[in-house]
Amino acid sequence: MDKIEAKRILTSYNPRLLSGDDEQIRSALEIVESDPELKAWFDEEREFDEIFSDRLRAIQPPVFLKQAILDQYNASAELSEADKSKRSKLIFWKPAVIVPLAASIVALMAVAVHLVQSRNEVAKPSLDQLVRATTHHADQFDGLEFVNGDLDSVRKFLAAQNAPVPTKMPRSISDLESIGCLSFVWQGSRVGLICFRDDEVYHLYVADRDAIQILHDQQSPKVQQSGNRSIATWTENAQVFILMVDGKPDQLARFL
Amino acid sequence: MASNEQVPNDIDFEELVETYYTPLYRFAYSLAGNESDASDLTQQAFYIWATKGSSLRDTSKVKSWLFTSLYREFLRIRRRSSHTATYEPDLLESEHPAVTPDIVRSMDASSAVERLQDVDEIYRIPLTLFYLQDLSYKEIAGTLELPIGTVMSRLSRGKAQLKSIVLRLNGGK
C-alpha cells in the first residue's frame, strides 16, 4: 500500500463506525504513523470530522416531539384494543353447535363479512382521538411553519405541503386576519392548522374526513369545553374541522 | 456499534422512543433541513414501528430498522414531490480541498446542516449518517441498501464536496 492509497482509505475513517478489525485500515494507519506529512493530514482530517460531527449532534428535537410520538402510539393502542373487543364480541355471535350445518355456514359468512367491515372501520382513528391530538398539539404549540396575513397564500402553502386545505369554512372565520399555518402528520394522515387573530388566537385544524372514523356527519358544529379551552367540531365537504380558542364557548359560537 | 445506547431487550415502546427519538430526529433534520418535516419523519418512523415493528425478530436490529424506515419515508415523500436525484454526478470533486478545522469550528449546528444540504443528495445521505455516528459503516450500507464499497466511495466524494462548500461559504470569514 502506498501513501495515496492510505490517504484514500483513511479519508472517511472513523474508528467508532467500524464493526470489527479491518486489515486495510490497519495497514493504512501504520503508514500514517511512519510519515509525518501524512500524519499531519490525517490529524487535521479527523479534527474536521470530529468538529463537524459535534455540530450535527448538537441538533435537538423540539420539546413536544417525544410526547407527540407517545400520544400517537397510545391512540393506536386504544384502537387495537377496540379492534380486539369488537372481534371477541363477534365470536359470541357464532351459532351454537346444534344449529344445522347450512345455517352455520351462512352465519359464519355473515360474521366474516361483518368482521372485515368492522376492521375497516376501526382501522381509522376516531374524531375524539383527533380532538385530543389537536388539543395536545395546541398545548405544545411552539410556532408556525408559514407566517402570512393573506389567507390565499396560507392556503397555497398548505396545498404545497399536501395538507388538507379548507374547501369551505364559515365566512366569519375566513374574514378574520390569518396569522399563518403549519401541517403535521397524525396517524399516518396530514392535518392542516391555520391560525387566525381576533380578540384571541383561534386555531382551525382541518383533516380529511376519510382519514377519521366518523359514524355520523356533523354538519352543525358541536361545541365542548375542555379546561380553559373551547372546541368546536364539524364536518363539511369531506373534511373535518376543529376550531379552538382559549376562552368560553360563546367566543366560538359567533363564528359558527 | 457506532454509539453506546442500550438496545431495549423486550422493546418497550416508551423506552424505544426515549432511546432513539433524538438520533432519528437529527437524521431527519439533516435530510429535510427543517424542523417541521423532521418531526413528521421521526413520528412516521415510530408509527411504522408501531404498526409493523412486531415482525422484527432480531432486537439488535431495531436501530437500523428505525433509521431505514425513516429513510424510506423520506424517499417516498421526495418521490411524491419529484425532487429525487437518481443520477450519480460525475466525479468532479474527488480532490479534497484543504479546509482547516478552525473554519468548521466557527460554524453552528444549523449552518452545518445548511452546508450539508448543498451536497448532492446521493452523497449527502451517507455523509450525514457518517457524521451523526449512530450507525456503523455496515449499518449505513444496510440502511441505504448499498454495498459497503459504494458507501465508502460516496463518503469520500461527499466529503470532498462538503469541504468545497464549506471553503466557499466560510473560507472568507
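Among the residues of the range A:159-174, which ones are assigned to a loop (DSSP other than H, G, I, E, B) and in contact with a Leu (Cβ under 9 Å, 6 or more places away or on another chain)?
Selection gives A:GLN161, A:ALA163, A:PRO164, A:VAL165, A:PRO166, A:MET169, A:PRO170.
Hey, among the residues in the range A:45-67 that are of a type in the set (Phe, Trp, Tyr) and more than 30 Å from A:ARG132 (Cβ to Cβ), which one's surrounded by the most Cβ atoms within 10 Å (Cβ to Cβ)?
A:PHE52
Given the options A:GLU5, A:GLU50, name the one that is within 19 Å of B:SER136 (Cβ to Cβ), in a helix (DSSP H, G or I) and not small (Gly, Ala, Ser).
Step by step, each of A:GLU5, A:GLU50 is checked, and only A:GLU50 is within 19 Å of B:SER136 (Cβ to Cβ), in a helix (DSSP H, G or I) and not small (Gly, Ala, Ser).
Looking at A:ARG26, A:ARG55, which is the one that is out of contact with any Leu (no Cβ under 8 Å at 6 or more places or on another chain), modelled with pLDDT of 85 or more and under 27 Å from B:ASP102 (Cβ atoms)?
A:ARG55 is the lone residue from the list that is out of contact with any Leu (no Cβ under 8 Å at 6 or more places or on another chain), modelled with pLDDT of 85 or more and under 27 Å from B:ASP102 (Cβ atoms).
Within the range A:58-82, which residues are out of contact with any helix residue (DSSP H, G or I) (no Cβ under 8 Å at 6 or more places or on another chain) and either at pLDDT 90 or above or assigned to a loop (DSSP other than H, G, I, E, B) (or both)?
Across the range A:58-82, the qualifying residue is only A:VAL63.
Of A:GLN213, A:GLN218, which residue is farther than 27 Å from A:LEU65 by Cα and among the polar types (S, T, N, Q)?
From the options A:GLN213, A:GLN218, the qualifying one is A:GLN218.
Take the residues in the range B:38-79 that are under 14 Å from the mean Cα position of the chain (by Cα) and of a type in the set (D, E, K, R); name whichever of them is surrounded by the most Cβ atoms within 10 Å (Cβ to Cβ).
B:LYS63
List pairs: first residue in the range A:160-174 and over 20 Å from A:GLU145 (Cα atoms), second residue surrounded by 11 or more Cβ atoms within 10 Å (Cβ to Cβ) and acidic (Asp, Glu) anywhere in the structure, Cβ distance under 6 angstrom, at least six positions apart or on different chains.
What qualifies is A:LYS168/A:GLU236.
Kindly list the number of the only condition in (1) farther than 27 Å from B:THR51 by Cα; (2) surrounded by fewer than 19 Cβ atoms within 10 Å (Cβ to Cβ) that fails for A:ILE173.
That leaves (2) as the condition not met.
Restricting to the range B:8-36, give me the number of residues that are among the charged types (D, E, K, R) and within 9 Å of chain A (Cβ to nearest Cβ).
Total meeting the criteria: 4.
Looking only at the range B:133-149, how many residues end up being modelled with pLDDT of 90 or more, in a helix (DSSP H, G or I) and more than 9 Å from chain A (Cβ to nearest Cβ)?
4
Can you tell me which residue within the range A:176-189, out of those that are modelled with pLDDT under 85 and not in a strand (DSSP E or B), is surrounded by the most Cβ atoms within 10 Å (Cβ to Cβ)?
A:GLN187
Let's see how each residue does on (1) without any contact (Cβ under 8 Å) to a residue 12 or more places away in the chain; (2) surrounded by 22 or more Cβ atoms within 10 Å (Cβ to Cβ):
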residue	(1), (2)
B:LEU127	no, yes
B:LEU135	no, yes
B:LEU144	no, no
B:ILE148	yes, no
B:MET152	no, no
B:LEU155	no, yes
B:LEU162	no, yes
B:LEU167	no, no
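When you scan the range A:27-44, do you find a residue that is among the acidic types (Asp, Glu), within 11 Å of another protein chain (Cβ to nearest Cβ), assigned to a helix (DSSP H, G or I) and farther than 30 Å from A:THR135 by Cβ, even just one?
Yes, there is a match, as at least one residue in the range A:27-44 is among the acidic types (Asp, Glu), within 11 Å of another protein chain (Cβ to nearest Cβ), assigned to a helix (DSSP H, G or I) and farther than 30 Å from A:THR135 by Cβ.
What is the residue count in the range A:190-204 for residues that are in contact (Cβ under 8 Å) with a residue 24 or more places away in the chain and assigned to a loop (DSSP other than H, G, I, E, B)?
The qualifying residues number 2.
Six or more apart or on different chains, Cβ under 6 Å: which pairs go from a residue in the range B:102-114 that's more than 7 Å from chain A (Cβ to nearest Cβ) to one that's in a loop (DSSP other than H, G, I, E, B) and at pLDDT 85 or above? Could you list them?
If the second residue must be in a loop (DSSP other than H, G, I, E, B) and at pLDDT 85 or above, no pairs are left.
The values are calculated or read from the model by the stated rules, or taken from the named source; none is laboratory data. Keep in mind the model is a prediction, meaning the values are calculated, not measured. Note that each Cβ is placed from the backbone with ideal geometry, even for glycine, and that neighbours are counted across all protein chains shown.
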